Amino acid sequence: MADVENVIIIGSGPAGYTAALYTSRANLKPFVIEGFMWGGLLQQTTEVENYPGFPGGGIAGPELMQKLRDQAEDFGTRFLTDQATSVELATEPGGIHKVHVGSDVYLARSVILSMGAEHKKLGVPGEQELAGAGISYCATCDAAFFKDQVIMVVGGGDSAFEEAMFLAKFGRKVLLVHRRDEFRASKIMVERARAFDNIEFKTPYAPVEFHEGDGPFKRVARLKHSDTGEIEEVEIGGAFIAIGHEPQSEIVEGVIDVDDDGYVKVDGRSTRTNVPGVFAAGDLVDHTYRQAVTAAGSGCQAALDAEWYLRDTPEVPTPEGLPVGDLAEAQWAAPQTAS
């Protein structure tokens, strides 16, 4: 019979690694299934200047993630650099949860979900090639690099308008590009943006390609008019894509409660999900802030919630000597497989 872990953490990033740090210091010996793209979105970020504790220019995103991972490992966290493919979650308090990684099965008394959220991509040529070198997805993270530049923001919702107004403090001009003349953003957000002298609306256009220009901060965006098909090239210092996020909740949809956008629901200010012993943290639950420091904070909360759950919840006994596949199947919800 497979060993039963105290806690399995699915995912990494600031939330997962902070949860691992706290649970390992509590001597719970956490097991982290960190994914192939371990470290989360910060692995795609160059300089992080707004994470507390790193004066003098900040720290590179991959270096920060490596430090968080190393610190958790120092206290005994074990890692599997692989992808969780499905889960079977016990429906009763004290039940044993199953996490599948391909054909392998791991058992745990508690599970912390920290799979994060991915920025939605435009999917146009040049976007991937220039990511981190002129194309960004986080104004709070990268705005200072584009001081006094012409900055493009792509999107039409509240998030795009928030990005545009924040970037207007840095850039000499901000072009807000949207494929329609009408915006999904709230009326008050549109009115606030119109009050900025250096924000210009460019509609109805959509980017169809990005490519390098002649030197640093010389990028070119090819825009297509949504009605006429006319192509226009615009020189910019950089572009921020703000068309939303996609929480990576596929493996728990149908078992864990999620909202209409796929974010995992939690109970009030806690990290408890609707399934006993399963907790969620980081961008997987966060519609609003989506910052490394807030993700780390919720990872701490999830670790403490898991610790208290394990302390206060008796374990449901399982028949000894049975193979994993025969373990009280009735206690599990239907398995969910990653798409």
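If you go through the range 294-302 one residue at a time, do you hit one that is more than 23 Å from Glu92 (Cα to Cα) and either outside any helix (DSSP H, G or I) or in the same structural domain as Phe210 (by TED's automatic domain parsing) (or both)? Among the residues of the range 294-302, not one is more than 23 Å from Glu92 (Cα to Cα) and either outside any helix (DSSP H, G or I) or in the same structural domain as Phe210 (by TED's automatic domain parsing) (or both), which makes the answer no. Within the range 158-187, restricting attention to residues that are acidic (Asp, Glu) and out of contact with any strand residue (DSSP E or B) (no Cβ under 6 Å at 6 or more places or on another chain), the residue that is surrounded by the most Cβ atoms within 10 Å (Cβ to Cβ) is Glu162. Scanning the range 221-245 for residues that are surrounded by fewer than 17 Cβ atoms within 10 Å (Cβ to Cβ) and under 14 Å from Ile151 (Cβ atoms) yields one hit, Glu235. Of the strands (runs of 3 or more DSSP E) contained entirely in the range 141-227, those carrying at least 3 residues that are touching a helix residue (DSSP H, G or I) at 6+ places or on another chain (Cβ under 8 Å) fall at 150-154. Note on the range 5-123: no enclosed strands (runs of 3 or more DSSP E) hold 2 or more residues that are in contact with an Asp or Glu (Cβ under 6 Å, 6 or more places away or on another chain), surrounded by 22 or more Cβ atoms within 10 Å (Cβ to Cβ) and among the hydrophobic types (A, V, I, L, M, F, W, C). Against the list (1) of a type outside the set (Asp, Glu); (2) at pLDDT 95 or above; (3) at positive phi, the condition Val266 fails is (3). I need the full set of residues from the range 258-277 which are touching a Lys or Arg at 6+ places or on another chain (Cβ under 8 Å) and closer than 17 Å to Pro93 by Cα, in order please. Matches in the range 258-277: Val266, Thr273, Asn274, Gly277.
Scanning the range 37-50 for residues that are of a type outside the set (Asp, Glu) and either over 29 Å from Tyr309 (Cβ atoms) or in contact with a Gly (Cβ under 7 Å, 6 or more places away or on another chain) (or both) yields Gly39, Gly40, Leu41, Leu42, Gln43, Gln44, Thr45, Thr46, Val48, Asn50. Scanning the range 243-265 for residues that are in a helix (DSSP H, G or I) and more than 18 Å from Lys120 (Cβ to Cβ) gives Ile251, Val252. Do you know which residues across the range 128-148 are of a type outside the set (A, V, I, L, M), more than 19 Å from the chain's Cα centre (by Cα) and surrounded by fewer than 23 Cβ atoms within 10 Å (Cβ to Cβ)? Selection gives Glu129, Phe145, Lys147, Asp148. Count of the range 266-288 residues, restricted to those that are in a loop (DSSP other than H, G, I, E, B), out of contact with any Ser or Thr (no Cβ under 9 Å at 6 or more places or on another chain) and either within 19 Å of Asn50 (Cα to Cα) or of a type in the set (Lys, Arg) (or both), is 1. Of a type in the set (Gly, Ala, Ser) and either at pLDDT 95 or above or in contact with a His (Cβ under 9 Å, 6 or more places away or on another chain) (or both): is that true of Gly171 in this structure? Judged against the criteria, Gly171 is a match.
The values are calculated or read from the model by the stated rules, or taken from the named source; none is laboratory data. As the structure is a prediction and not an experimental result, all values here were calculated from the model. All Cβ positions, glycine included, derive from the backbone under ideal geometry; neighbour counts span all protein chains shown.
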